[in-house]
Amino acid sequence: MLDFGVRFGALVRQKRAVEGLTQEQLAFKAFGPGGRKAQISDLERGKIANPQAKIVDALVVALEISDDDLRACREPVELPSGEDRPDLPPLLLENLAMRFGIASPDAPAAELEAYLREAAKDYKDMKARLDALAEADGRIANLVGAAKGALDQGDFDEADARLADAEEIQQTEHTLVQVRKQAELRTERGKAALMNFDVETAYGHFCEAAAFFEPFDKVQSGQQLYEKGITVYYHAERFAGDGLQRAIDLWIRCERVWSREANPEKWGRAQNALGNGLRLLGTRSHGQEGIDALARAVTAYRAALEVRAREAMPADWAMIQNNLGAALQNQGIRAEGEAGLALLADAVAAYRAALEVYTQETMAVLWAATQNNLGNALANQGGRAEGEAGLKLLAEAVTAYRAALEVYTRDAMPVDWAMTQNNLGNALANQGIRAEGEASLKLLAEAVIAYRAALEVRTQNAMPVAWAESNECLCWAFQAMAERDKETAESHLDSALSHIDLALEVYDPEHMSYRFNIATGLREKIVESLAALGDG
């Protein structure tokens, strides 16, 4: 049986192709600036068996997926067989399956199925490119034909050897046209190495492909490095290993070829890509390694901003400011004390800079998404700051969320509206917990209103996990109200208990153990508080 995530990922990939969207464009459309392209990549490749409801809902809206299509994804179906299997020669199919097992030990069958389908597409694309390469020269045609035969047998070493022979013939030519053909052959060797899960060999081939151009056309040499960095980056999203670092290495080479003095705009483009790679590496890495990668990402984004100026390239400038804000926020969350607060303040400044270009009048959706990002950064900052400073920052977060809701309306963008309502509730609740007296109760009551608004869209049937999270948030709010208003404490605790029980209907102790354990501990505390009131 295919998991829901595998079936839904296949549907997303199909709908995205129909719409003509890249994964980055879909991530932007569904999630806004700084969108989670990696999640879309993992989803489409069957690596997420049970995607979060909020992700599903956002993609349903972005791709206009019908209820019938979504229902079909939720209903178990048998794995395809026979002619419906990935269209690969038997020996190549066996070889890829073995390589997949090496790269992803203990992976579920559904993930293997999804990978083989992707490999079938890569195989067909490579065959087509090799056919094109073979057209110009009879000698090359024979060697490319032999490479294709070896590829069909899953013999990557033999395929590489025949392509190397073809490349040697090509090296006798010295015109740029011939250099381009030579680089294409070396690129295909790199892509074949990636299919063989040999990232190091692929990296070497890609570097050589770019080097062929350097004596003749440095701009094209840099373009090769830039594009091959993207190729390796996407491969790294599928599998663990050194792929991400090698993508970063390709972009570092690219920035050196696209020098700042000769090609400032292209150099800035490479800096932004380098920042994205380092930011992902930082989020994946622990300890000092992750901290260092995030710091390097910030440096790369700041460098990109020096050449992709607001006056000349306002949209790019605002996009990089958003990327910078995300990297700074990740840094700030990891750092402690004053250093963490300072980094979060820098993130807030970056988001506010982006809002100088993303205005409600001219770029309403981007403006709203950035307001939500700003609210998150302010909420993190306010949660760590003390006293009046913390309250002020939380109030600013509330203002940012309310601004986003001017565009994220329930009718036009229900999923984003509900998400922002829940974020607003969190900021209000944190304000209420810090405030005193009637002001505290008023803020907590406003938080309850925001959470209940979110539940108008986050229903148990349509968005079960988000529904559970909002109910858990309501439980925390009612518990806080009970602690502040002794006269109505029992009523508030009863409400808190009912909402945490609803959340526990969704939180699976096996697959959501972290959420389940928190909710269970909270429930026990509420029950003890109710018992104490009864004894009193």
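Numbers at a glance
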item	result
Net dipole in debye of the chain [+1 Lys, Arg Cβ; -1 Asp, Glu Cβ; about Cα centre; nearest 20]	1100 debye
Cα long-axis angle, helix 199-213 against the chain (0 to 90 degrees, to the nearest 10)	60 degrees
Lys266 accessible area, assembled protein chains, probe 1.4 Å, Å²	70 Å²
Angle in degrees between helix 414-434 and the longest Cα principal axis of the chain, rounded to the nearest 10	50 degrees
Angle between the chain longest axis and helix 156-170 axis [Cα atoms, degrees, rounded to 10]	60 degrees
For the chain, alpha-carbon Rg relative to the globular expectation (2.2 N^0.38 Å, N residues)	1.11
Sequence-separation-based contact order of the chain, relative, with Cα cut under 8 Å and 6+ spacing, percent	8 percent
Karplus-derived 3J(HN,Hα), 6.51/-1.76/1.60, for each residue of segment 319-335, Hz, glycine and proline x	4, 5, 4, 5, 4, 4, x, 5, 5, 5, 5, 4, 4, x, 5, 7, 7
Vicinal HN-Hα couplings computed from phi for segment 142-153 (Karplus, 6.51 cos²θ - 1.76 cosθ + 1.60; Hz; Gly/Pro x)	5, 5, 5, x, 5, 5, 5, x, 5, 4, 4, 8
Segments 256-263, 282-289 sorted - mean Cβ within 10 Å per residue, highest first	256-263, 282-289
Signed unit charges on C-beta, dipole axis of segment 259-393, positive-most listed residue Ser259, Leu305, Leu344	Ser259
Descending semi-axes in Å of segment 352-489, equivalent ellipsoid built from Cα gyration tensor	26, 20, 10
Protection-proxy order for peptides 39-46, 494-501, each taking the mean of Cβ atoms within 10 Å per residue, highest first	39-46, 494-501
Computed over segment 236-281: relative contact order in percent, which uses C-alpha pairs under 8 Å that are six or more apart	38 percent
3J(HN,Hα) from dihedral phi, segment 57-65, Karplus parametrisation 6.51/-1.76/1.60, rounded to Hz, x for glycine, proline	4, 5, 6, 4, 5, 5, 9, 6, 6
Lysines whose Cα lies under 23 Å from that of Lys442, excluding same-chain neighbours fewer than 8 positions away	Lys392, Lys486
Subset of Lys47/Lys124; Lys47/Lys218; Lys148/Lys266; Lys54/Lys191 violating a 32 Å alpha-carbon distance limit	Lys47/Lys218; Lys148/Lys266; Lys54/Lys191
Long-range amide H partners of Ser259 with built H, under 5 Å	none
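The values are calculated or read from the model by the stated rules, or taken from the named source; none is laboratory data. Predicted, not measured: the structure shown is a model, and the values here were computed from it. Heads up, the Cβs are rebuilt from the backbone with ideal geometry, glycines too, and the neighbour counts pull from every protein chain shown. Accessible surface areas use protein heavy atoms only, side chains included; no ligands, DNA or RNA. Shrake-Rupley method; radii C 1.70, N 1.55, O 1.52, S 1.80 Å.
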